[in-house]
C-alpha cells in the first residue's frame, strides 16, 4: 500500500467517524416517557407516613434528601383539623428497584414547609417557608458527611424579609427567588444571592410585572455569563382592597437587559391554557424544563373569589388538578405535553431529578387538605 493509499484510508476512516459524530441523540420530545411508583416514605415522625405537601427535597450524589413538609394527620382540613409541620431530615439511596429505604439523619432548626429547595455544590439549600405560625427568612444548607453517613445543617444569609410560598432555583452560582408572601403580603419580588460571595448579601432585582404571585413555578438557563429566568402561574387572594387573581401566563427575565418580557401561558395539544400555580418543575440540560401539577384555573379562582361551603368536601377528581407532564423549551418558548396521568394531578408536590433521565414527584395534595405518600418516578428512554 502506497503512502497515498494510506492517507486516503485514514481520511476515509476520519470521514466515517465524523458522520457518527453528526448523528444526534433523540430530542426529548422523541423519547419515551414512563411513570412508575416508588414505595416507602419516612415514618419516624408520627403522621408523616400519610404524606406531606410543600417539603424540601433534592438529590445529592446517589442519595435523595427530604426534609420538612406538612399535613393534617389526625382530623381532615374539611373538619377543621390542625395542620402539622415536620422538621426531620431523611435520606435514602436512589433505588435500583421500586423501594426507597428512608432513614432519619437530622433535623431542620424548625418544623418547616412552603419554602423551596435547590442543589448547589453538593448541598441542598432550603429557603424560607413557614412553621405554621410565623413565616421565616432563614436560609439553610444541608450537606452530607461521609464520616457519619449523616448531614450537617449550615446557615446562609437570611432573606431581607420573611418569605413563603415563593419559587426559586439555582442557575450557575446564583440563588434566585420570585414571588410568594413577603412579610405576609403577596409579592412581585425578585431576589438574588451570589453563592460564591454570600457576604455581599441579597440583591433586590426588578420586580416582575402584573399581579403578585403565590406558589408560582420557575425555570432558568445560563446564557453566557448571565441567565434567563422564567416564571409561570401563581395566584393571590384578596388583600388590601385588591380582588383575588390567578395568573396562568409567564414572564422571562434577562440578567443582561435587566428587563422582564411577557410569555404566553402553557397550553396543551387542544390549545387549552393550563395553570401551573401550586405545581412543580425541574430543569434539564440547561435547555428544557419539566413541569407538572397545579390547581385548575377556573375552579381555584372561583374558590378564591367566593369559596363554597362544601369546597373541601368533593372527590379528588372534582378539583381537576393538572395531570399533564409538560416539557418547556426555554429556547423556543414552546410547550409539549409528554403524557397525562392521575398520578401527576397534585398540588404542593416537589419534583426532583438527576437532570438526565430519572425524576421523582414527591407527595403533594390529592385534593385540598388531603395528602398522599405516593412518590412517582418519571423516566425517559429511547423508543
Next item on the list: Give me the angle, in degrees from 0 to 90, between the Cα long axis of helix 3-22 and the longest principal axis of the Cα atoms of the chain, rounded to the nearest 10.
Entry: 20 degrees
Next item on the list: Kindly provide the helix-only [θ] at 222 nm of the chain, computed as the sum of -39,500 (n - 2.57) over DSSP H runs of four or more divided by all residues, to the nearest 500 deg cm²/dmol?
Entry: -2500 deg cm²/dmol
Item checked: Computed over segment 27-381, the ratio Rg/Rh where both radii use C-alpha atoms and Rh is Kirkwood -> 0.93
Note to self: Please report Rg (one decimal) and Dmax (integer) in Å for the Cα set of segment 63-157.
What the structure shows: 14.6, 47
Check: Where a ≥ b ≥ c are the square roots of the eigenvalues of the C-alpha gyration tensor, would you call segment 179-264 rounded, which needs a/c under 1.5, or, failing that, prolate if a/b is larger than b/c, or oblate?
Finding: oblate
Check: Which Rg and Dmax, in Å, describe the Cα atoms of segment 295-373?
Finding: 14.7, 45
Margin query: If I build a Gaussian network model for the chain, linking alpha-carbon pairs within less than 10 angstrom, which residue out of 77, 113, 220 has the largest mean-square fluctuation?
Written below: 77
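Throughout, read-outs are computed from the coordinates displayed, never taken from laboratory work. Remember, it's a predicted structure, so these values are computed and weren't measured experimentally.
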